[in-house]
Amino acid sequence: MSLGRQLKSLAWHGVKAFSAMAPSPSRRSSVTVFTLHRLIPDACSELEVTPAQAESWLRSITARYRVLHGSEFLSPAPDDRPFALITVDDAFSDAHDHLWPLLQRLQLPVVLFVPTHFIDTGEPPVSFAVERSRYRPCSWEQLRAMAASPWITLGAHSHAHSEAPTQRTAELAADTEAALARFTAEGLPRPHLYAYPRGKFTAEAASVLGNYFDAGFAGLPHHSLPGDLARMAWPRVPLRGSDAGFWGERKIRNGISHEEYWVERIKGRLK
Ligand SMILES: [Zn+2]
């Protein structure tokens, strides 16, 4: 059993025993935002799931929610069903090779968040990339083809994939403008949605990025920001490798992941 699964097994008992005590993760909207990273046939890490597993989850999401297109995220037309937005981070080559064909088949829209330096150089936005052939980005040509389809809205994910809280205001603004300039230079629409690298943000970073984007997406459940900055602190429900099967279905059914709170607490204690 992997460490992730063991932790989740532990967390499951924590959820049952202490869910009444857990602080409610931010859920100020009827839109539930899910996150995937990579679809790889030989998936073997937390950021990777098989295309078959992804298809199973996407079918479960469409059975329960009306899945929003990125362009209607902030003002969806009324619907009897709850809303979901599906987001995918990092724009690895499998977004083109495995995700896009699946979306075309299911006729399902997602927002793909693109760290532009990765596309330019192939430098992976993850520090543990030892097997480099496994960490190839999409090409700009592939991104143009996907963005021209109804199923992919491109979002910004910084230029250098540095965590926003580690940057001073001027650095964060410069990185953001570098990313937006690359979209423009490649003939792509200017993104209006932003995902924080590694999901990390502060009120200061949200304030800077709010000058450029309509909405910002974080990682784990967290407390929202006040006032206008709330739009720059959307929580997301991550669907990870160790969520395969039961845990992913549970997250989809609940639309929120209290278990994430406990998993992170337990991981924090083990560090
Ligand atoms: Zn990322």
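Computed from the coordinates by the stated procedures, all read-outs in this text should not be read as laboratory data. Quick caveat, the model's predicted, so the values are computed rather than measured. In this analysis, Cβ positions are derived from the backbone assuming ideal geometry, glycine residues included, and neighbour counts consider all displayed protein chains.
Ranked by how many other Cβ atoms sit within 10 Å of their own Cβ, fewest first, the residues Asp90, Asp97 fall in the order Asp97, Asp90. Exposure proxy for His37, His96, His69: other Cβ atoms within 10 Å of each Cβ, ordered fewest to most, give His69, His96, His37. Stretching the chain fully between Leu74 and Arg144 yields a gain of 22.8 nm (0.36 nm per residue, less the alpha carbon separation).
Across region 94-110, rounded Karplus estimates of 3J(HN,Hα) from the backbone phi angles (6.51 cos²θ - 1.76 cosθ + 1.60, θ = phi - 60°) give 5, 4, 7, 7, 10, 6, 4, x, 5, 5, 5, 5, 8, 6, 10, x, 9 Hz, Gly and Pro being marked x. Across region 26-255, Cα pairs under 8 Å and at least six residues apart give a relative contact order of 21 percent. Evaluate Rg over Rh across region 85-149, taking Cα atoms for both radii and Kirkwood's formula for Rh. Rg/Rh for region 85-149 comes to 0.97.
Restriction of the chymotrypsin sites (Phe, Trp or Tyr not before Pro) in region 113-202 to DSSP coil positions whose beta-carbon has at most 12 other beta-carbons within 10 angstrom yields Phe128.
So if we plug the beta-carbon distance of Asp42 and Val126 into 1/(1 + (r/R0)^6) with R0 = 25 Å, what FRET efficiency do we get, rounded to 0.05?
Efficiency, rounded to the nearest 0.05: 0.90.
Neighbours of Trp57 by Cβ distance under 10 Å: Lys/Arg scored +1, Asp/Glu scored -1, total -1.
A simple charge model with +1 on the Cβ of Lys and Arg, -1 on the Cβ of Asp and Glu and nothing else charged puts the dipole of region 26-255 at about 660 debye relative to its Cα centre. A Cβ-based charge dipole, computed about the Cα centre of region 137-246 with Lys and Arg at +1 and Asp and Glu at -1, lands at about 200 debye.
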